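One structure follows; several queries about it will come next.
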Amino acid sequence: MSNNMGRSLVINLACTGAIPTRAMSPHVPVYHNEIVADVAACLELGVQIYHLHARDGSGAHTADPEPYGRLIEDIRKLPGGKKALLCVTTRDASGPISNPAHESLIWMAI
């Protein structure tokens, strides 16, 4: 067995996912301010890669690009947020999304 102590570890944090709900876990952030707060806490711990799904005002997954832009802007304002690698996607694994105009919108902010 090899000793991996002291070696770098890459963590890609997916704090929301597109599918999880509060009914599934009371810990999943489903509102904008909760997602930003989770990212802030993880930035303090040294996490630098984030896979994000934005939520609408009711806490449901959304394909609307506007909440993604706000999420990225607010994360960039956090200490260490400008250095973080943010990967966002409007798709989820559950099937077709509700707005076909946003169906293939996938973008990354570096």
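Hey, if you put +1 on the Cβ of every Lys and Arg and -1 on every Asp and Glu Cβ in the range 29-93, which of 47, 29, 59 ends up farthest toward the positive end of that dipole?
Of the listed residues, the answer is 47.
Kindly identify the range 29-93 as rounded, prolate or oblate by the Cα gyration tensor criterion: order the square roots of the eigenvalues as a ≥ b ≥ c, call it rounded if a/c is under 1.5, otherwise compare a/b with b/c, prolate if a/b is larger, else oblate. Before the final figure, lay out the partial values.
Details: a/c = 1.85, a/b = 1.66, b/c = 1.11.
Here the range 29-93 falls in the prolate category.
Mind listing which trypsin sites (Lys or Arg not before Pro) in the range 22-82 are in a DSSP loop and have 16 or fewer other Cβ atoms within 10 Å?
Numbers: sites: 22, 55, 70, 76, 77, 82; in loops: 22, 77, 82.
Counting only loop positions with at most 16 other Cβ atoms within 10 Å, the trypsin sites (Lys or Arg not before Pro) in the range 22-82 are 22, 77, 82.
Continuing with this model, one more query. Rounding to the nearest 20 debye, state how big the charge dipole of the range 29-93 is about its Cα centre with +1 on each Lys and Arg Cβ and -1 on each Asp and Glu Cβ. Walk me through the numbers before you get to the answer.
Working: 7 positive and 9 negative charges, 57 e Å.
With Lys and Arg at +1 and Asp and Glu at -1, about 280 debye.
Tally Lys and Arg at +1 and Asp and Glu at -1 over the other residues with C-beta under 14 Å from the C-beta of residue 43: what net charge comes out?
Working: positive: 76, 77, 82, 83; negative: 38, 44, 74.
In short, +1.
Each reported figure results from applying straightforward, stated rules to the coordinates on display, with no laboratory input. Model, not experiment: these values are computed from the prediction. No Cβ is skipped: glycine too gets one built from the backbone with ideal geometry, and neighbour counts run over all protein chains shown.
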